[in-house]
Amino acid sequence: MRIRPLTLTVLALFAAACGSSSSSSTPTTPTTPSASTLSLAGNWTGTIVPIDSTGAENVTWVAAQTGTSVTGPLNITLSRGAGTAAATLAGTISGTSLAVTYSLTTRPGAPAGCTESGTGTATSVTASSITVQIQRTYTAACASAVPSLTPSPDRLVLTK
């Protein structure tokens, strides 16, 4: 039996193809890493200053963070030796912005039904500096305890 040269060539090409590796020589496109979330967890100190007032109140915030959510107790040393108020400050991080909510949980001498809350957005937030204007609001029950309370924006400045 005689094998033709064309048949040998086809068999040789087939054998070579079967023995080759399956790696691809097509280049892959590198993926762009996602921006890392700003880390705000930790102990913060600062002040909160009512825009319409000259008195600053010292604050401390212990922030815990999960992903883009940050929350923790905010303690406010009230002016004129009125004690310490306790609040919760929570926020959502988006890039270098922080949308915050504020909710006062206790205020010395406040009557039943007196609640305080607020919201604001900080821009240009860093891992060691937050400045935000918070629009605080109060329930009517607060007016009897502190007649000068009016809904007003306050400037909260925190550093770590």
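The values are calculated or read from the model by the stated rules, or taken from the named source; none is laboratory data. What you are looking at is a predicted structure, and each value in this text was computed from that prediction instead of being measured. All Cβ positions, glycine included, derive from the backbone under ideal geometry; neighbour counts span all protein chains shown.
So here's what we get for this one:
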| read-out | value |
| --- | --- |
| Single condition Asp154 does not satisfy, out of (1) touching a Pro at 6+ places or on another chain (Cβ under 9 Å); (2) closer than 19 Å to Val62 by Cβ; (3) at pLDDT below 95 | (2) |
| Residues of the range 124-139 that turn out to be within 25 Å of Thr105 (Cβ to Cβ), outside any strand (DSSP E or B) and not hydrophobic (A, V, I, L, M, F, W, C), as a count | 1 |
| Unmet requirement for Ala87, which otherwise passes all of (1) out of contact with any Leu (no Cβ under 9 Å at 6 or more places or on another chain); (2) on the phi < 0 side of the Ramachandran plot | (1) |
| So Thr131, is it within 18 Å of Ile48 (Cβ to Cβ), among the hydroxyl-bearing types (Ser, Thr, Tyr) and surrounded by 14 or more Cβ atoms within 10 Å (Cβ to Cβ) | yes |
| Single match in Ala87, Ala110 (criterion: within 27 Å of Leu38 (Cβ to Cβ), aliphatic (A, V, I, L, M) and surrounded by 13 or more Cβ atoms within 10 Å (Cβ to Cβ)) | Ala87 |
| Per-region count, the range 49-105, residues among the small types (Gly, Ala, Ser), assigned to a strand (DSSP E or B) and under 21 Å from the mean Cα position of the chain (by Cα) | 12 |
